[in-house]
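The values are calculated or read from the model by the stated rules, or taken from the named source; none is laboratory data. These numbers come from a predicted model, not from an experiment. Note that each Cβ is placed from the backbone with ideal geometry, even for glycine, and that neighbours are counted across all protein chains shown.
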Amino acid sequence: TDGHHAGVDAVRRVMMAAPALDIDTLTMFAFSSDNWKRPKPEVEGMMQLIEHYMAMQARPFADAGVRLTVIGRRDRLPAFTVAAIEKIEAVTAGGTMLNARLAIDFSGRHALLEAAARAFWNGPLTADTLSQALATGSGYRNIDLLIRTSGEQRLSDFLLWESAYAELWFTKTLWPDFTGEELADAVTAFRSRNRRFGGLPDAMPSTGAQQMLATT
């Protein structure tokens, strides 16, 4: 649909704007595991759009220093989508300006269950061992800032463990209309906040946004 195509354009805009804002990791929710419930023609169209987008953007992203990886299940994706993912990951592997991640067929609960099983078989299950197990499956990193577009105010089964101490920023702007300027507004708001992580207030506000998460 036109909306899906516009959403893809927003992904590109945000990726290109992120490095100038000192964001080193940007994760975006492209297709959740729950999205399989949508009508089959829509899902097939989204898979084709993802494949086309990756084929078109692999070289431009590589030239811009963007390293793109995909988190989520691949066993249920069409073979042509998996091939496109593997190709863009290989072409952009040397990128150092931005670590961009797309979540495709991703479920935060499923990721936690798989990580817990891996951690359990490797020794005592602790917060540290679970975090390490998550890193092997989805490149675990704590989320600094969680952006939710389209007026939504829920996590939608995204990076649940990683978002434990994330700062939240909501906007009514639809994802296809989201711009680099609005991303900058979110980062500015984040840097004015005082993050306590359960402790006493600190005299200094946040100074960086190393891990950015934008959901559609």
Out of T25, T69, sole residue that is β-branched (V, I, T) and out of contact with any helix residue (DSSP H, G or I) (no Cβ under 7 Å at 6 or more places or on another chain): T25
Can you find even one residue in the stretch 64-83 that is free of Cβ contacts under 8 Å to residues at least 24 places away in the same chain, touching a Lys or Arg at 6+ places or on another chain (Cβ under 9 Å) and under 26 Å from E162 (Cβ atoms)? yes
In this structure, does V8 turn out to be surrounded by fewer than 21 Cβ atoms within 10 Å (Cβ to Cβ) and without any contact (Cβ under 8 Å) to a residue 24 or more places away in the chain? no
What do you reckon, is E181 of a type in the set (D, E) and either farther than 25 Å from I104 by Cβ or not in a loop (DSSP other than H, G, I, E, B) (or both)? yes
Is it the case that some residue within the stretch 75-92 is over 27 Å from G3 (Cα atoms) and not basic (K, R)? yes
Go through (1) farther than 17 Å from A30 by Cα; (2) touching a helix residue (DSSP H, G or I) at 6+ places or on another chain (Cβ under 7 Å); (3) in contact (Cβ under 8 Å) with a residue 12 or more places away in the chain and name the single condition N142 misses. (2)
Does A133 qualify as being out of contact with any Lys or Arg (no Cβ under 9 Å at 6 or more places or on another chain) and on the phi < 0 side of the Ramachandran plot? no
Top-ranked residue in the stretch 11-46 [being part of a loop (DSSP other than H, G, I, E, B) and free of Cβ contacts under 8 Å to residues at least 24 places away in the same chain; ranked as surrounded by the most Cβ atoms within 10 Å (Cβ to Cβ)]: R38
Quick check on the stretch 66-85: of everything there that is of a type outside the set (V, I, T) and part of a helix (DSSP H, G or I), which residue is surrounded by the fewest Cβ atoms within 10 Å (Cβ to Cβ)? A79
Selected residue (criterion: surrounded by the most Cβ atoms within 10 Å (Cβ to Cβ)) from residues of the stretch 86-109 that are in a strand (DSSP E or B) and of a type outside the set (A, V, I, L, M, F, W, C): R101
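Residues are listed down the side, and each one gets a yes or a no for (1) over 17 Å from D24 (Cα atoms); (2) modelled with pLDDT of 85 or more; (3) in contact with a strand residue (DSSP E or B) (Cβ under 7 Å, 6 or more places away or on another chain); (4) not β-branched (V, I, T):
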site	(1), (2), (3), (4)
V91	yes, yes, no, no
I104	yes, yes, yes, no
H110	yes, yes, no, yes
L113	yes, yes, no, yes
A117	yes, yes, no, yes
G123	yes, no, no, yes
T126	yes, yes, no, no
T136	yes, no, no, no
